[in-house]
Each structure stands twice: as structure tokens, then as C-alpha cells.
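For reference, the structure discussed in these notes is given below.
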Amino acid sequence: MAGITRRKFVRNASLLAAAATVGSACSNGSSSNGSAPCAVIIGSGFSGSVAALRLGQAGIHTTVLERGQEWTLQGPDTFPTSMSDRRTTWFGDVDGLTGLSPVTRYAGMLERVRGDTLDAVAAACVGGGSLTYGGVLLQPRRDIFEGVFPTISYDDMDQIYYPRVLAGIGASAIPDDVLASDPYAAHRAFLEDCASAGFETIRPAASFDWDIIRRELRGELPPAVLASNYLFGCNSGAKLSTDKSYLREAIETGYVELRSLCEVAMISELDNGYKVTYRNINPEGELLEQVEINADYLFMAAGSLNTSKLLLSGQQAGELHGANDRIGKGWGTNGDELMMELRKDPLPGPQAGPACISAVDRGSPGYPVVYEHSPAAVSGIQIQLAMSVPDKLGELAFDRNDAFGIHWPDDSATPSAQARDDSFARLVSTTGGLDISGAIARTIWHPLGGTVMGDACDNLGQLYGYRNLFVIDSSLLPGSAANANPALTVAANAERIMEALVPNLR
């Protein structure tokens, strides 16, 4: 949970292990060294859901451990719509998204992790980040991708893995009729502003059911997406999160079991596999059961922050023996910066979601900036998430006080930061608006890195120093997703990895 120290983490894990129920990840009851291989996946977001489906299709008994709750649409109040709603936040005292609204501690959907100069967020729910993001599945431009990922074939991603993910989720670009409707005036204004500024505009795929949004437009459903309530799930059911696709299909294979509200406390290396110790809790955080399970293969899909935390804790407790000193390194912000414009000619609010319009500005040579238009819940402003390839990288670590957190250097004067500032100034100059971006405390929505491919892991995510321990999530990305929000690339990279690995997991 948020605020736990390394000392408490290790001590609690040791106590937990002494009293835990012991079992196997194999749903057929065989042990981890039996004839039938079995796997554990920690995390159920984009990469964990992809891995679960591909393992299940291969007939490999798999247990998916998710610390958060499973959220099933049961009416117009299933998902939180206010930052003060405790359901937004994973055991914090302030809301996970902004860090501003007090909340009661609860097993909510988003964790806020503190850093020395900025904070970052991590999903905590079945479906992971696919429930707690804006919905855009943006494919990076080839030249930017190849600069960030020189060892991955862009052609393969473009022709095989990106399309596979979009088809698996059912994502598509905003249709013309929806874009032309009144609630999407802010989207159209952004397109016009970008054209005036000389930016390239894009309609990327979005993980939303446009027919359900049309029903909102016709008044057949209460407004949810149209009311800008689309970040924490969606009360109309329009959000196409991976629990509705990949994860559901994985469970239907009969080889995959999902266990929610199961918070992993420790990973231990065995002679022939891995032991995972976890706490089964209720939504209030009370311990229900302490469990250990063994598996032949371990897949880390807990996200950049928590995958790194678990691996560092295991090594520092002596439970993982590989002594990989690159864990926690190469962490970055994806070059994220939230930009806000106070409009000269205010647009009405709330602005309809989702985030489904992007733009590319190449006005700063060598430092392109990509925008993700972020509909606002209030009138009068336009919000854009600007992304660039960061010049600096930070680190995830336990400090001298045994607190886990983010160590991030000041990058405000770097060329990439300057490119974002200059680009937004060009955009605002076309509208006559006022840049009020400084009013927002810096929060990183797309934390990346910590077990980077080619540094802490090989190109298929196998952690150096370990056998059959694979990292498959956003931890693999070197602080950047090549000027795009990382969801599509994380899922497509997981598809690439699983296609190569699964035939050999026998």
C-alpha cells in the first residue's frame, strides 16, 4: 500500500510467509515442478491481459493476481465521477489523480506514488490502466519510434502487433457524425487551432464503443462520456477496457484464473520456479487470507512503478538472488506535460470525451511534440497533454529511510522541455488565449521504465540474472513511448513478446 517502507515490506512478507496458505498456480492442482507447466501473472492491465490470453490459448495453467477490485457495470453509479469519491484512490489520503481532494482510505482505482520532484500514478483494478486512462490508442510515428526502440522492428509493430491489439480491444477512430455533434465542439476547435498553427492532426483509435456514445447523444442513456466522466471506467459502459476483451477471453479458455484484491507482498526464487506471497484483502484493506503459490513461470505486469518495487524488494530481502543492479534504472516521464489554455472565446463545458484527437508539431528541429487533446469537465479552458522524448532519466528506489519513491532530476531547462513550451506558445498564439499551465502541479500519467529492455532485461523481457522471470509491461520502455501515450505500444509489445515466448514454455 502507499507509504509502506522497505523494512515493513520485508518484515511483513516474512511474517506472511510463516502463516500463509500454500498452493500452486496450476488450476489442475499439480505442483510447479510437475509435468504440466504453470504461470503466475502479477497485474491485469494491458500487458497482463495480453499475456493471460496467449498463455490460456496455449493450454498453460495461469493465475492472474490483481491487487485491485473487479469493477462490473451495475448502473449509473458504478464508477466514481468526483475526485473526492474514495473509489478513485488506492489507499491514499488524497485522490490519486490530482493529489488535491481528501479521500477516505479504500481499495480504489488509482494509486499516487510520491517522488522528490513530481508524483506519478499507477492503476489498481482488474483491467489496470485500460480502466483509468483517456482511451486513446495512439501509434507512434515511425521516425520517433525507431529512435527510441532501435532493436524492435517498426514494420512488425505496424503490420502485426498494433493492428492485433486494436482488433482485440475493438478500438476505432471517432466517427464523423460523433465529431460533428454539439458536445464535441472542443475537439473541433482543437483541430482548427492545430491547422492554424501548422500542426499535423490525427484521429487515433480510441477504446470506446461509439454506438453507446451515440445512445448518450440521443438521450437514451444518461450522459457519462458526454459529461467528461470517462477516466475512471465509464457509467454508460462505453469504455472498452481489457477486462471486457482479452481478460474475459483468457478466462473462457478454462486455463486462466483471475484473483482480485490480492496484493503481492513478496516474490521468492525457488530451485525450480518462483513462489509468490500475497495478501487477499477486502476493499477496506482488512486481511482475509495469506497465501503462497508456486509457479514455473513468472510474468511481471504490475506497471513501471510496482513491478520495479516488487523486484527491488525481492532482491533486497534475499528472496531473489540474481543481483540485477539495473532494476529501477532508466525510469522516465514519457515527456508528459499537461498544458492548459484559458480561451479567449470560451467553449461550453463539460466537454465530451474521450481523448481521441492528437496532433504532431515538428517546429523544434530534433524535438517533435505530440499532443493528446484532453476534454475538460469545465468550460472556458482547453487541456492538452504534450509528449516529447525526455532528455533525462530518473530512478525508482528505496531511500535511506526505506521509503519507495521516484527520484527525478529537474528537467525544466532541457531541449525537450523547451520544445514543449515553444510548441504550446505557438498553439496559443493562434487563438489569442492565455497559457495557464503553471497552475497545475506536475503529475506523470505515463510512468515508464525501471526494467528497461537491453539494460535490465533482454529484448523479450527476461530479467537478466533469472530464468523464466519475464517483465512484459511499461517497465520495459526506456522512459518514453516515442511521443505517444504508451497503452498501445505496451500491449503490442506484450503481443510481440508472448508470440516469441509461448511456444517454448513447455
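So here's what we get for this one:
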| read-out | value |
| --- | --- |
| Selection count, region 365-391, where residues are farther than 19 Å from LEU191 by Cβ and of a type in the set (Phe, Trp, Tyr) | 1 |
| Subset of region 99-120 [over 22 Å from LYS309 (Cα atoms) and among the hydroxyl-bearing types (Ser, Thr, Tyr)] | SER101, THR104 |
| Failed criterion for LEU338 (all others in (1) closer than 30 Å to SER429 by Cβ; (2) assigned to a loop (DSSP other than H, G, I, E, B); (3) open to solvent by 40 Å² or more (accessible area, probe 1.4 Å) hold) | (2) |
| So ALA51, is it surrounded by 19 or more Cβ atoms within 10 Å (Cβ to Cβ), among the small types (Gly, Ala, Ser) and in contact with a helix residue (DSSP H, G or I) (Cβ under 9 Å, 6 or more places away or on another chain) | yes |
| Filter pass, MET453 being open to solvent by 10 Å² or more (accessible area, probe 1.4 Å) and either at pLDDT 95 or above or out of contact with any helix residue (DSSP H, G or I) (no Cβ under 8 Å at 6 or more places or on another chain) (or both) | yes |
| Which numbered condition SER412 misses (of (1) over 18 Å from GLY479 (Cα atoms); (2) without any contact (Cβ under 8 Å) to a residue 24 or more places away in the chain) | (1) |
| Residue, nearest to ALA494 (Cα to Cα), within region 240-280, restricted to residues that are of a type in the set (Asp, Glu) and within 20 Å of the chain's Cα centre (by Cα) | ASP243 |
| Verdict on GLY461 being touching a residue at least 24 places away in the same chain (Cβ under 8 Å) and at positive phi | yes |
| Qualifying residue in region 394-413 (condition: closer than 12 Å to GLU337 by Cα and either open to solvent by 30 Å² or more (accessible area, probe 1.4 Å) or of a type outside the set (Phe, Trp, Tyr) (or both)) | yes |
| Count - residues of region 488-506 that are touching a Ser or Thr at 6+ places or on another chain (Cβ under 7 Å) and open to solvent by less than 10 Å² (accessible area, probe 1.4 Å) | 2 |
| Some residue of region 219-227 being touching a Gly at 6+ places or on another chain (Cβ under 7 Å) and either under 30 Å from THR89 (Cβ atoms) or open to solvent by 50 Å² or more (accessible area, probe 1.4 Å) (or both) | yes |
| Failed item in (1) of a type in the set (A, V, I, L, M, F, W, C); (2) assigned to a strand (DSSP E or B); (3) open to solvent by 20 Å² or more (accessible area, probe 1.4 Å), with LEU100 passing the rest | (2) |
| Test: residue in region 352-363 that is open to solvent by 20 Å² or more (accessible area, probe 1.4 Å), outside any strand (DSSP E or B) and in contact with a Lys or Arg (Cβ under 9 Å, 6 or more places away or on another chain) | yes |
| Of all residues making up region 281-319, the number that are crowded, with 18+ Cβ neighbours inside 10 Å and under 23 Å from the mean Cα position of the chain (by Cα) | 19 |
| Count of region 385-408 residues which are within 21 Å of ALA122 (Cβ to Cβ) and in contact with a Leu (Cβ under 8 Å, 6 or more places away or on another chain) | 9 |
| Filter result for ALA186 (of a type in the set (A, V, I, L, M, F, W, C) and farther than 28 Å from THR89 by Cα) | yes |
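So that you can scan it fast, the table gives a plain yes or no per residue for (1) in contact with a Gly (Cβ under 8 Å, 6 or more places away or on another chain); (2) under 26 Å from ARG142 (Cβ atoms); (3) not hydroxyl-bearing (Ser, Thr, Tyr):
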site	(1), (2), (3)
GLY332	yes, yes, yes
LEU338	no, no, yes
GLU341	yes, no, yes
LYS344	yes, no, yes
LEU347	yes, no, yes
ALA352	no, no, yes
VAL360	no, yes, yes
ALA377	yes, no, yes
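The values are calculated or read from the model by the stated rules, or taken from the named source; none is laboratory data. Values in this document were obtained by computation on a predicted structure and should not be read as measured data. Every residue, glycine among them, receives a Cβ derived from its backbone with ideal geometry; neighbour counts consider all protein chains shown. The protein model used for the area step is the full one, side chains on, heavy atoms only, and it has no ligands, DNA or RNA in it. Shrake-Rupley method; radii C 1.70, N 1.55, O 1.52, S 1.80 Å.
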